[in-house]
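The values are calculated or read from the model by the stated rules, or taken from the named source; none is laboratory data. No experiment lies behind these values; they were computed from the predicted model shown. Every residue, glycine as well, gets a Cβ built from its backbone with ideal geometry; the counts of neighbours run over all protein chains shown. Ligands, DNA and RNA are stripped out before the accessible areas are found, and what is left, the full protein with its side chains, is counted by its heavy atoms. Shrake-Rupley method; radii C 1.70, N 1.55, O 1.52, S 1.80 Å.
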Amino acid sequence: MDNCANFGGLGESGFVCTKLDSVINWVRSNSVWPQPMGLACCAIELMAAAGSRFDVGRLGMEVMRFSPRQSDCMIVAGTVTYKMAGAVRRVYDQMAAPKWVVAMGACASTGGMFRTYSVLQGVDKVIPVDIYVSGCPPRPEALLDALMSLQNKIRREHSAKALFSK
């Protein structure tokens with residue numbers, strides 16, 4: 001009598017036994033719907049990552065959504081000015097939970113070379129950031145690596161507890 005005690009293997013009866021967290025996180029990590037928040041030149045590299053050469057679709061993220069209510073990952077690409085910071089925060093607040101943020105490029109992460117009165121020194125001043133991508137602008141490969149890191153982070157979350165605690 002096996003009872004699937006090893007979690008993740010096939011039992012004697014042919015059933016797959018696993019943890020609820022593992023199933024929920026596997027589904028979430030392989031169906032992330034990003035929302036591009038292209039604010040400057042990094043948005044060009046973001047578009048290249050969605051093209052046929054780099055193909056972000058092989059990670060399950062090919063469905064770029066331009067509505068915050070339909071997306072769960074915001075990719076902030078480029079310089080965030082103080083004038084745009086309120087709009088970025090408002091769009092983030094409209095996204096349904098769970099939600100994740102990727103800061104793409106030096107400007108989104110730290111303000112980049114723009115140390116002026118009008119540029120926010122990192123988007124993490126207004127919204128929480130999960131993954132930072134360095135570069136000016138970062139190559140599409142760097143963004144793909146960051147998105148794979150985000151998938152690994154999602155797989156380690158405790159999703160079932162959040163679902164049933166409400």
Q) Using θ = phi - 60° and the Karplus form 6.51 cos²θ - 1.76 cosθ + 1.60, what ³J(HN,Hα) does each residue of region 58-68 get, whole Hz, x for Gly and Pro? A) 6, 9, x, 10, 6, 8, 6, 10, 9, 10, x
Q: Evaluate E = 1/(1 + (r/R0)^6) for Val27 and Tyr117, where r is the Cβ-Cβ distance and R0 equals 30 Å; express this FRET efficiency to the nearest 0.05.
A: 0.10
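Just to verify a number: FRET efficiency for Arg89 and Arg69, C-beta to C-beta distance, R0 = 22 Å, to 0.05?
About 0.90, to the nearest 0.05.
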Q: Quantify, in whole percent, the carbon and sulfur part of the accessible surface of region 33-166 (1.4 Å probe; protein heavy atoms only).
A: 57
**Q.** DSSP-assigned coil residues among chymotrypsin sites (Phe, Trp or Tyr not before Pro) in region 58-166, each with at most 10 further Cβ atoms within 10 Å
**A.** Phe66, Tyr117
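What percent does the relative contact order of the chain come to when contacts are Cα pairs within less than 8 Å and at least six residues apart?
23
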Q: Over all alpha-carbon pairs in the chain, figure out the percentage whose distance exceeds 24 Å.
A: 40
